[in-house]
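Chemist: Sharing a structure, written as structure tokens. Questions coming.
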Amino acid sequence: MSRGPWIAEPASPAALLAGPTAGVAGHRLAELLPCQGVRFLPAAPVAPATGLAAAWAEGIAMALARQEPVITGDGTDLVLPVGQGGATVALALVEGLAPETLRRASVPWLLERAELFVQELHLLADLCQDAATGLPSAWHLARALEDQLAQAASPGGQGFALALLETFPRARDAGQAWRQIGRLADRLAGLFRLEAGTHHLGCGVFAILWPATTGEEARRAAAAILRSLRRDELTRVHIGLRAVTPAEAPALAAVQVQNEAWAALALARRRAPFAFAEHADDRIDPLPPPPAAVRRQLARAWRGLDRFALLLLSGSLPVPADLASRLAGLVPAGTPVLPAGAGEAYLLLAAAGRPAAEALGTALRDALAASGWPVAVGIAVFPFLDLSAGTAPLLARRALLHGAFLGPGSVVACDAVSLNIGGDAFYNRGELVRAARDYRLGLRLDAANVNLHNSLGVTLAELGRHQAACACFEQALALAPGDRMAACNLGFGLLAQGRRPEAIRAFEGALAGDRRQPDILVQLARLLLQEDRPQEAAAILVEAEALDPDKAVLHRTLGEALWAAGEADKARPRLERALRLDPHDPWAMSLLGLVYAETGQGLDLARSLCQQALERDDRPWELWLRLARVEELAGTPAAALASLRAMGRQLGRQPAALVLAGRLYEALGQRRQARRCREKAHRLGARQVGPALVTETSS
């Protein structure tokens, strides 16, 4: 089967007369009917609460009753029905008609104008909608951004965020890539439902527009997208984010917002296979080094010293001009004090260790707060491991970031926790190599730190180093046998290496202390199903359903487990519910088609569902096998064999497919081919266990 991507139906005129395209539609109608302004209303009775003047309300009622244009108000306003297919879908309220328009405003002429306008709307629909995915297009995004900027700049307006997401589907040809892009569009639309506007810009690049959203909320959403898509057989996912505040909205244009989001996307590409970046991230370092001039001064100050402490004083106010005099009597004479701008200064204490530095830092904080300059203090000591003296300012910065978690005015010396926090700062920006470096330094200071082992393992896993990542998770579990996060991470790491039985044991360990984890329960059930243990999987999924009953993947997997256990009648309602929750899931769609065929619900419907599933994703061999089984039940063995051949090399590798091929060749009278298939299936260790052989292979 090779039917190409499905083509979405264009947006209706009624849909185009709302939201960001309403302004474009109104502008075009004003060109057809010169006037002062245009508003659109749905074609329904207008309640008094809408605030329309009585003349407008009366004109609307007459236009709906007569299904024709009505002049209202002082004779210069018009209620114009906008129709499609013989029905009125919206009403245009045209205000202040030009005198030359009024002279020609007969009912036939106005109806002709309305018909021309509807034709323009259909052209607008082509511009607004991406045919391959059914999502709004790049042209629609530009209008939506203009609308969001206007709303944000208005009194009481709220900020918004634009995210550009690019992915790289695994595909053997353009048609398959196109279908994968369509599937990802369905996933994104399902993830956000009505909370965001998702657009397709072409070539697998999506734009997600979050209205009434702060930058922090958008960052959390971007991180959630990466987590969700990481296990979708995608090789890379990058997100560029641009959050807009109400204060900056008046000075921005839509094209500038898009360009800055594209720049952030380009930065995300350089970070990691799965990463996001925010606008201006390339100019904002979470742990910046001191200015070059200050670095040179510090290097001269510690030259020849075998031991010193570096204190970084940071306050919300500018550095006082008399800072040195304020510190007089608190620090030894001749101690270098170097203002570093932005409310910060460095103080170098020769021949001092951590206790002396912490005591001095506390005294300085108290004295400066009393003199009107409240500060926090980050401390680095040298020597520190085997690092050079030049790293001291960077370590002091990590200590300062650590102190920010403890509260204002903290005095903190750099330690393993500081390095963990520094690594997290880099990890959150997608700078995985720098994050791993900080986590490793932290473990050199504290090899028993479970959080550091976990963090390093997650970072290595994202870099594709799954074996090293599993070693980190195993070390974390050796230190804390009941650590659920480490056990869960170990399960995913083992799964990435194809070590499924070990992954099952790891997920069971993650649930040992607390089974109220629906996501882990579903993952464990999927693995048990792949291991031909459907009854155990079904029992676990019933347990998960009590915790989270509205998860599509849960009902899909439970339906598959029941079907694999030979209970197709019980599987059917589960799969139907999974499709209601996620109407575009090809796996559930295909399996439901097979269940319909096996339970006598209609072979035509079963075949249609299996074919629709393959139109969305024709990569999984199981979907072809299910269609072949439906064709066998329909009594069309030749069509069933054609579906099996579409599996390609998998036909010779999957016992279930070979067993079915043997039956089909036998039905066609090709006994030699049938015998060969049965013999090869036997060599592969095929067991006649029915549908349990047809389980999802992807995690």
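Chemist: At 0.36 nm per residue, and after removing the present C-alpha to C-alpha distance, how many nm does the segment from Gln612 to His122 gain when stretched out fully?
Modeler: 173.7 nm
Chemist: Something else: With each run of n ≥ 4 DSSP H residues scored as -39500 (n - 2.57), what mean residue ellipticity at 222 nm is computed for the chain after dividing by its residue count and rounding to the nearest 500 deg cm²/dmol?
Modeler: Working: 29 runs with 375 residues, N = 699.
It lands at -17000 deg cm²/dmol.
Chemist: Could the peptides 322-330, 159-167 be put in order, highest first, of the mean number of other beta-carbon atoms found within 10 Å of their residues?
Modeler: 159-167, 322-330
Chemist: On the accessible surface of segment 56-131, probed at 1.4 Å, how many percent belong to carbon and sulfur atoms?
Modeler: Its accessible area is 53 percent carbon and sulfur atoms.
Chemist: Counting only heavy atoms of the protein chains, get the accessible area per residue of the chain (1.4 Å probe) and round it to a whole Å² value.
Modeler: For the chain, the per-residue accessible area is 44 Å².
Chemist: Same structure, new question: Say each of Leu684 and Glu536 gets a label point 7 Å from the Cα, pointing the same way as Cα to Cβ; how far apart are those two points in nm?
Modeler: Result for the modelled spin labels: 2.4 nm.
Chemist: Oh, and also: Under a Cβ-only charge scheme (Lys and Arg +1, Asp and Glu -1), can you give me the dipole magnitude of the chain about the Cα centre, in debye to the nearest 20?
Modeler: The calculated dipole for the chain is roughly 2780 debye.
Chemist: Nearest-5 percent of antiparallel DSSP beta bridges in the chain? All intermediate terms of the calculation are to be shown ahead of the outcome.
Modeler: Working: 56 of 65 bridges.
Of the beta bridges lying entirely in the chain, close to 85 percent run antiparallel.
Chemist: Cα centroids of segment 500-552 and segment 289-357: how far apart, whole angstrom?
Modeler: About 56 Å separates the Cα centre of segment 500-552 from the one of segment 289-357.
Chemist: Loop only by DSSP, 12 or fewer other Cβ within 10 Å of the Cβ. Give me the trypsin sites (Lys or Arg not before Pro) in segment 445-541 that pass, ordered by residue number.
Modeler: Passing both the DSSP loop test and the Cβ count: Arg516.
Chemist: Using R₀ = 56 Å, calculate the FRET efficiency as 1/(1 + (r/R₀)^6) where r is the Cβ-Cβ separation of Ala98 and Leu547; round to 0.05. All intermediate terms of the calculation are to be shown ahead of the outcome.
Modeler: Values: r = 64 Å, r/R0 = 1.14.
The pair Ala98/Leu547 has a calculated efficiency of 0.30.
Chemist: Obtain the nm distance between the two label points defined at Asp74 and Cys203 by a simple spin-label model: each point lies 7 Å from its Cα along the Cα-to-C-beta direction.
Modeler: Placing both labels 7 Å along Cα→Cβ, they lie 5.5 nm apart.
Chemist: Under a plain spin-label model, where a point goes 7 Å from the Cα along Cα-to-Cβ, how far apart in nm are Ala370 and Ser106?
Modeler: Computed distance between label sites Ala370 and Ser106 equals 9.5 nm.
Chemist: Between Thr362 and Ala324, what's the calculated FRET efficiency when r is the beta-carbon distance and R0 is 25 Å? Round to 0.05.
Modeler: 0.80
Chemist: Expressed in nm to one decimal, what extension gain is obtained for the pair Arg505 and Leu385 from 0.36 nm per residue of sequence separation less their Cα-Cα distance?
Modeler: Value of the extension gain: 39.4 nm.
Chemist: Which trypsin sites (Lys or Arg not before Pro) from segment 207-267 combine a DSSP loop assignment with at most 16 other Cβ atoms within 10 Å? Before the final figure, lay out the partial values.
Modeler: Values: sites: Arg219, Arg220, Arg227, Arg230, Arg231, Arg236, Arg242; in loops: Arg230, Arg231.
For trypsin sites (Lys or Arg not before Pro) across segment 207-267 that sit outside H, G, I, E and B with at most 16 neighbouring Cβ atoms in 10 Å, the list reads Arg230, Arg231.
Chemist: Same structure, new question: Multiply the residue gap between Ala247 and Leu32 by 0.36 nm, knock off their C-alpha separation, and tell me the result in nm, one decimal place. Walk me through the intermediate numbers first.
Modeler: Numbers: separation 215, 0.36 × 215 = 77.40 nm, distance 3.71 nm.
Gain in length upon complete extension: 73.7 nm.
Chemist: How would you classify segment 504-567 from its alpha-carbon gyration tensor, with a ≥ b ≥ c the square roots of the eigenvalues: rounded for a/c under 1.5, else prolate if a/b is greater than b/c, otherwise oblate?
Modeler: Taking the square roots of the gyration eigenvalues as a ≥ b ≥ c, segment 504-567 is oblate.
Chemist: Here are labelled values, (1) 1.24; (2) 0.99; (3) 0.94, and one is the computed Cα Rg over 2.2 N^0.38 Å for what I pasted. Which one?
Modeler: Checking each listed value against the structure points to (1).
Chemist: Given the convex hull over the Cα atoms of segment 91-152, what projected area results after averaging over all orientations, in nm²?
Modeler: Over all viewing directions, segment 91-152 projects a mean Cα-hull area of 6.2 nm².
Chemist: Counting DSSP beta bridges in segment 194-302, what percent are antiparallel, to the nearest 5?
Modeler: Numbers: 5 of 10 bridges.
The antiparallel fraction comes to roughly 50 percent.
Chemist: Rank Tyr346, Gln297, Leu311 by how far each Cα sits towards the positive end of the charge dipole of segment 285-358 (+1 on Lys, Arg Cβ; -1 on Asp, Glu Cβ) and give me just the farthest.
Modeler: The residue sitting most towards the positive pole is Gln297.
Chemist: If you don't mind, there's one more thing I want to ask. Be a star and scan segment 57-96 for residues whose amide nitrogen sits under 18 Å from the point 7 Å along the Cα-to-Cβ vector of Ala150.
Modeler: It comes to 92-96, nothing else.
The values are calculated or read from the model by the stated rules, or taken from the named source; none is laboratory data. Here the structure is a predicted model, which is why all the values come from computation and not from measurement. Methodologically, a virtual Cβ is constructed for each residue, glycine included, from the backbone with ideal geometry; neighbour enumeration extends over all protein chains shown. Areas reflect the complete protein model, heavy atoms only, side chains present, ligands, DNA and RNA absent. Shrake-Rupley method; radii C 1.70, N 1.55, O 1.52, S 1.80 Å.
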